[in-house]
Amino acid sequence: MPTIPRLYVDNPLSEGAVLALGEEAANYLSRVLRLGIGGEARLFNGRDGEWLARIEAVGSRRIDLLLAQQTRAQPQGGGPGVTLLFAPVKKDETDLIVEKATELGAGAIWPVLTERTQTRTVRLDRFRKIALEAAEQTERLDLPEVAEVQALPRALEALGPGTALIYCDEAGDEAGDKSGAAWGGASGRAGPMLEVLQGLKGRDAAILVGPEGGFTPFERAGLRGRKDTFPVSLGPRILRAETAVVAALSLWQAVCGDWG
Ligand code: SAM
């Protein structure tokens, strides 16, 4: 039995309300999904949970839906949240990062400019559309906040107090860790992420992933000297940025997030 399609709307949702949605929703439900009067959709707005709605009237530029019943309540607060800070890379790979970060439950997605970031302009409307479609598909009840692109130092200042910054540090010995120091700490090498996460349970977190060229030694020194910052290793191989995002968010969800 095909699943009832999900649609994000910005309208308030309550029992018995009739929503008049515009051309885009009318086109998607009636033309793409070929739903007519009596057809059903599940609506969510990030505030009022998810509602089963029935199509009452269909036009080319408008579709009316009656809210029949709430199918899922809106979760109230609860566990720690995770923000993804990432340096944009090539277009398709960056689109993938936004989509996978949404599926993996990032509460916020912040594109940041680092010294070696090559892609310095982003299409925010495009990111928000990708995040919305991924939220509909992944059965989320909210949308991640997708921020304007900003310089890394500014983004770090904007992090909430006490947020644990998990900094994916790909640099091995060749990047100046010749000291062979033990993992972790301001000057040591990055700690295995799974190990570092054990001490971060219950804390809001931000995960930082760099661009194709990685972080400069200057950036690394700044990050390692920063309070509440935890350099982590994602193993002995250099991962593409989009792979690192998926790996880091998956580990965080499994240890600190809502996969438990
Ligand atoms: N500087 C790297 C090199 O030497 O080729 C390339 C950077 S990598 C393509 C992009 C980002 O993914 C890195 O800045 C880092 O944040 C993350 N990353 C990749 N592999 C990693 C690893 N093994 N451990 C931790 N982070 C990693």
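Descriptive notes on the structure:
- With both labels modelled 7 Å from their Cα along Cα-to-Cβ, the residue 158 to residue 33 distance reads 3.3 nm.
- Cα long-axis angle, helix 124-137 against the chain (0 to 90 degrees, to the nearest 10): 70 degrees
- Shown for the chain: lysine pairs separated by 8 or more places, or found on different chains, whose C-alpha atoms are under 24 Å apart, numbering 8.
- Label separation (residue 115 vs residue 198): 3.4 nm, computed from points 7 Å beyond Cα along the C-beta direction.
- Helix 91-103 vs. the chain, principal-axis angle (Cα, 0 to 90°, nearest 10): 70 degrees
- Length gained on full extension, residue 15 to residue 138: 41.9 nm, using 0.36 nm per residue less the C-alpha separation.
- Taking all pairs of distinct alpha-carbon atoms in the chain, Kirkwood radius in angstrom: 19.9 Å
- Cα long-axis angle, helix 241-255 against the chain (0 to 90 degrees, to the nearest 10): 80 degrees
- What a 1.4 Å probe finds exposed on region 6-72 is 46% carbon and sulfur by accessible area, rounded to a whole percent.
- As a rough guide to protection, the peptides 106-116, 223-233 ranked by mean Cβ packing within 10 Å, highest first, stand as 106-116, 223-233.
The values are calculated or read from the model by the stated rules, or taken from the named source; none is laboratory data. What you are looking at is a predicted structure, and each value in this text was computed from that prediction instead of being measured. Glycine gets a Cβ as well: all are built from the backbone with ideal geometry, and neighbour counts include every protein chain shown. SASA here: full protein model, heavy atoms, side chains in, ligands and nucleic acids out. Shrake-Rupley method; radii C 1.70, N 1.55, O 1.52, S 1.80 Å.
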